[in-house]
1. Tabulate in residue order the Karplus-calculated ³J(HN,Hα) for the range 87-104, using 6.51 cos²θ - 1.76 cosθ + 1.60 with θ = phi - 60°, rounded to whole Hz; enter x for Gly and Pro.
2. If I take R0 = 30 Å and measure r between the Cβ atoms of Trp21 and Ala66 in this structure, what FRET efficiency does the formula 1/(1 + (r/R0)^6) give, to the nearest 0.05?
3. Once the dipole of the chain is set up with Lys and Arg at +1 and Asp and Glu at -1 on Cβ about the Cα centre, which of Gly97, Gln38, Phe73 lies farthest towards its positive end?
4. With contacts defined as alpha carbon pairs under 8 Å and 6 or more residues apart, what's the relative contact order of the chain in percent?
5. Please list, in order along the range 45-58, the HN-Hα scalar couplings obtained from phi with the Karplus expression 6.51 cos²θ - 1.76 cosθ + 1.60 (θ = phi - 60°), rounded to whole Hz, x for Gly and Pro.
6. Hey, what angle do you get for helix 2-15 against the long axis of the chain, alpha-carbon based, 0 to 90 degrees rounded to 10?
7. Under a plain spin-label model, where a point goes 7 Å from the Cα along Cα-to-Cβ, how far apart in nm are Asp29 and Ser104?
8. In whole Å, what are the Cα extents of the chain along the three principal axes, biggest one first?
Amino acid sequence: MKRLVMLLGAFLLFSGFTLSWDPVTKYVDNTVIGAEAQGVFYNVEMDNALASGNFSGSVWVIPAVAKKSTHTFRARTVLGTGEVSAWTSPFSWTSPGANPNPPSNLQVVP
C-alpha cells in the first residue's frame, strides 16, 4: 500500500495537470443523494474514449500529453445503484508549450 501511495504521489508530481469538478450531491429533482445510492462515482472521457470509469472523487489526473496538444473531456455521474447521468458538455483544453525561460542577469560590463 505504501508503495502505491508513493507511485501515485510521483505520478501527480510529474503529470502536473488535473481535471476537476464539483462533487455531485443531488438528483436532478434537487433532492439529496443519500445512502440509498450506494455511492457516487464518475466516468471520464478523454478525446471520445473512456479514460477512467467508476471512481470516487472529483479530481482526475490527466495522463502525460504532448506539448501544445488539444484534448476534449467529458464526465458523468454513476450511482452505485446503476443510475447514470448524462455526459457533461465537452470541455476542450490545450496543454501548454515548452517555452524556454528568457536570459537572466543581463548586465553591461566596461
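Readers should treat all values here as calculations from the given coordinates under stated rules, not as data from a laboratory. Since this is a predicted model, take the numbers as computed values, not measurements. Neighbour counts are summed over all protein chains in view; Cβ atoms, including those assigned to glycine, are modelled from backbone coordinates with ideal geometry.
1. Going residue by residue, I get 6, 5, 5, x, 10, 9, 9, 10, 5, x, x, 10, 6, x, 5, x, x, 10 Hz, with x marking Gly and Pro.
2. 0.80
3. Looking along the dipole axis, the top candidate is Gly97.
4. After rounding, I find 23 percent.
5. Computed from phi, the couplings for the range 45-58 are 10, 10, 6, 6, 10, 4, 9, 7, x, 6, 10, 8, x, 10 Hz.
6. Roughly 60 degrees, rounded to the nearest 10.
7. Each label point lies 7 Å from its Cα, and together they span 6.0 nm.
8. Between the extreme Cα coordinates on each principal axis of the chain lie 78, 37, 25 Å.
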